Amino acid sequence: MNTATQAVSGSGARIGAIAVVLLAGVMTGAQLGKIAPLIPWYREEIGFSLVGSGWLAAILGIFIAVGALPAGWAIDRLGLARSILLGSIALFAGGVALALATSPVFIFGARLVEAVGYLALCVALPAVLNEISPPNWKAPVLAIWSGFVPLGFATSDFLALAMLPDFLESAYLITVVLIFAGFAAAALVLLRGFSLTSSAGASGGIALTLSRDVILLACGFGAFVVLSLSMFTFMPAYVAGSGSHYLVSAGMVALSVPLGNIAAGILVRGKGARFMAKLGIFGFAVSAVTAVPAFTFASPVLATTSALALAISGALVASAQFAAIPFITPRGGSVSVAIGLVCQAGGIGTVIGPPIAAAVIEHAGWTGFAWFLSATAVAGIACMVPLLRTDG
């Protein structure tokens, strides 16, 4: 058992801390998703164009694409608890400012402050989960963590449905950020009971961390993000048109994602990097096989079943990849830096995936889109196969 877990007696305290950090992560993801329900309001009442609204929603992801790796290095130097504190302050301050701002300049300024906090928390929260979890819990906990963005989007959508239009948009924004602040504050209090070993000079930097396996895992995660985000971005349009024969809505397909996270969390318990690589390959293989029928088959049952399998298998992939991070980080390297690289690869996938997918749909239709998703899954398999040679 590591130093962090020795500092807190009793599994109840550990479970409580892990649960609260995970909830803080979900609400961090909600800060990314909270703009989507307000895009019509930003356009009609504030005067944003559709492109401007898109940039407002995407700023947080762009920061991840540009800065997650150096953020991991900085967090490793600064320390996890301090990084979570500073990131939480930035995300909270930016969120409050966003709720109060009424001009485009101040709205974008507030969103930039949020982006700084979001960047820090996306790296520091999973790193602290790795730090406080006993060895047999690390993989399951990180597998569950991998679903923080879709769960955050679902949370923000639920709050929007519950509050709008009965309450002002600013009240909705304040509510989302206050819930985050509550969980973040609780997490910081609970983490005071742990002797966190990741602090300045405690572990290696970028050069010691970026092994072949870490880089391949990051590339595989980038492939997952391109596949998953492209699918969920354009599935509503498909279901509204050519895919109207689906037996469930696009939203219901998205809600199936946690099933994959939970299944992976159970499967990876007590396992090593090689098993997680196998699970990731299996998930990618299912995605490669189901992508084409999901977007081309006329049978409602086969198309819907394929779409659900595509969503759940993607969650298996992401969970297996995050669970593998502490096991493939080289001895003397930094888990925070490794997480930073994986997040940055995902951020790049977030930026490039939907535009590429849109171009494919425009030129090759839904059939071409389906084969694009399948090919992306095959590329993910190619990244994961070399990890089968890892120890464990």
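Among the protein heavy atoms of the chain, carbon and sulfur supply 72% of the accessible surface, probe 1.4 Å, non-protein parts ignored. The protection proxy used here, the mean number of other Cβ atoms lying within 10 Å of each residue, ranks peptides 117-123, 173-179 as follows, highest first: 117-123, 173-179. Within the chain, which DSSP H helices have Cα atoms that stretch 27 Å or more along the helix axis and a mean Kyte-Doolittle hydropathy of at least -0.5? Correct list, ordered by number: 11-33, 50-78, 80-100, 104-132, 169-191, 212-240, 273-296, 300-328, 335-384. Set the Cα radius of gyration of the chain against 2.2 N^0.38 Å, with N its number of residues, and you get 0.95. Distance between the modelled labels on VAL289 and ARG269, one decimal in nanometres: 2.7 nm (7 Å Cα→Cβ projection).
Straight-line reach from LYS138: which lysines have a Cα under 28 Å away, not including same-chain ones fewer than 8 places off? Correct list for LYS138: LYS271, LYS278.
Think of a 1.4 Å ball rolled over the protein heavy atoms: the chain then has 39 Å² of accessible area per residue. Which part of segment 324-352 falls in the paramagnetic zone of THR233, meaning amide N under 15 Å from the point 7 Å along Cα-to-beta-carbon? Under cut-off, by backbone N: 346-352.
Residue separation of MET252 and LEU161 scaled by 0.36 nm, minus their Cα-Cα distance, works out to 31.2 nm of gained length. Under the definition of Cα pairs under 8 Å and six or more residues apart, what whole-number percent is the relative contact order of the chain? 27 percent.
The values are calculated or read from the model by the stated rules, or taken from the named source; none is laboratory data. Computed from a predicted structure; not experimentally measured. A quick note on method: Cβ atoms are made from the backbone with ideal geometry, for glycine too, and the neighbour counts reach across all protein chains shown. For the accessible areas, the whole protein counts, side chains as well, though only heavy atoms, and no ligand, DNA or RNA atoms are used. Shrake-Rupley method; radii C 1.70, N 1.55, O 1.52, S 1.80 Å.
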